[in-house]
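K.L.:
Handing you this structure, nothing more for now.
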Amino acid sequence: SQKIEQNSEALNIQEGKTATLTCNYTNYSPAYLQWYRQDPGRGPVFLLLIRENEKEKRKERLKVTFDTTLKQSLFHITASQPADSATYLCALDANDYKLSFGAGTTVTVRA
Amino acid sequence: DVKVTQSSRYLVKRTGEKVFLECVQDMDHENMFWYRQDPGLGLRLIYFSYDVKMKEKGDIPEGYSVSREKKERFSLILESASTNQTSMYLCASSQTSGLTDTQYFGPGTRLTVL
């Protein structure tokens, strides 16, 4: 079955630095990968989608890369701010209708 | 903006009770999903529906059932609640099937079964 692994440790960084989160997957070749943000006690909110033929995608201070050879996506938050503190989930298509989600990485940005 | 609402933010029930969790979306989405989220395990799909009165089992359907009588509403039913069903339950919707579809989530219902 599809297995998705995200950074196992929470990430604590200083404001202004870049946070880099990792999403690794096995046993599948997804056509796309998505990243979501989840605040405590809330549902996930969609951030970015990257397709297998796209190496990199950006949205404001966010950057996502997708390496289908390494079976890995990297999610970067540049010039991080305390408001970026949240849990970030990666998700990829398991088959029609279904997304498989990673367990998430919790990011804390210190002022 | 897509809005997905869930009937309760917090719910406390007793073992053996029948529990209904309601979800409503206002964007005419075809697909609706129920997940549960537990620490360290991520989101696990319980059931989904791609049309009115249609339902498909997800990865962990045991102990749950669903109902979709109207397009905008998807209900999750715990026939006889057990303590191992204590969890955060999240409803989501998406517009169509297809590889690029994002999912829109509700705020979640934190269910505690005593």
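The values are calculated or read from the model by the stated rules, or taken from the named source; none is laboratory data. This one's a predicted model, so the numbers in the text were calculated from it and none came from an experiment. Please note: Cβ atoms are built from the backbone with ideal geometry, for glycine as well, and neighbour counts cover all protein chains shown. Surface accessibility is based on the protein's heavy atoms, side chains included, excluding ligands, DNA and RNA. Shrake-Rupley method; radii C 1.70, N 1.55, O 1.52, S 1.80 Å.
K.L.:
Out of the residues in the range A:21-54 meeting the condition of being β-branched (V, I, T) and surrounded by fewer than 17 Cβ atoms within 10 Å (Cβ to Cβ), tell me which one is farthest from A:T65 (Cα to Cα).
P.N.:
Checking each candidate, the answer is A:V45.
K.L.:
Here is a further query. Looking at the range B:13-25, which of the residues that are assigned to a strand (DSSP E or B) and open to solvent by less than 70 Å² (accessible area, probe 1.4 Å) is farthest from B:K70 (Cα to Cα)?
P.N.:
B:K13
K.L.:
If you don't mind, another one. Taking the range A:67-92 as the region of interest, how many residues are away from every other protein chain (no Cβ under 14 Å), assigned to a strand (DSSP E or B) and of a type in the set (S, T, Y)?
P.N.:
1
K.L.:
Only residues that are surrounded by 18 or more Cβ atoms within 10 Å (Cβ to Cβ) and out of contact with any Gly (no Cβ under 9 Å at 6 or more places or on another chain): list them for the range B:73-96, please.
P.N.:
Those that are surrounded by 18 or more Cβ atoms within 10 Å (Cβ to Cβ) and out of contact with any Gly (no Cβ under 9 Å at 6 or more places or on another chain): B:F74, B:S75, B:L76, B:S87, B:S94.
K.L.:
Of the residues that make up the range A:96-111, is at least one over 15 Å from the mean Cα position of the chain (by Cα), under 26 Å from B:K57 (Cα atoms), open to solvent by 50 Å² or more (accessible area, probe 1.4 Å) and modelled with pLDDT under 90?
P.N.:
yes
K.L.:
Go through the range B:9-64 and give me each residue that's out of contact with any helix residue (DSSP H, G or I) (no Cβ under 9 Å at 6 or more places or on another chain) and polar (S, T, N, Q).
P.N.:
Result: B:Q25, B:N31, B:Q37, B:S49.
K.L.:
So, one more: When the residues of the range B:31-44 are filtered to those that are surrounded by 23 or more Cβ atoms within 10 Å (Cβ to Cβ) and aliphatic (A, V, I, L, M), which remaining residue is farthest from the other protein chains (Cβ to nearest Cβ)?
P.N.:
Looking at residues that are surrounded by 23 or more Cβ atoms within 10 Å (Cβ to Cβ) and aliphatic (A, V, I, L, M), I get B:M32.
K.L.:
So B:Y10 ticks every box in (1) within 11 Å of chain A (Cβ to nearest Cβ); (2) surrounded by 12 or more Cβ atoms within 10 Å (Cβ to Cβ); (3) modelled with pLDDT of 90 or more but one. Which box is left unticked?
P.N.:
Here B:Y10 clears every test but (2).
K.L.:
Within the range A:13-66, how many residues are of a type outside the set (V, I, T), in a strand (DSSP E or B) and facing another protein chain (nearest Cβ under 9 Å)?
P.N.:
Residues flagged as of a type outside the set (V, I, T), in a strand (DSSP E or B) and facing another protein chain (nearest Cβ under 9 Å) within the range A:13-66 amount to 7.
K.L.:
Looking at B:D28 and the list (1) away from chain A (no Cβ under 14 Å); (2) not in a loop (DSSP other than H, G, I, E, B), which single condition is not satisfied?
P.N.:
(2)
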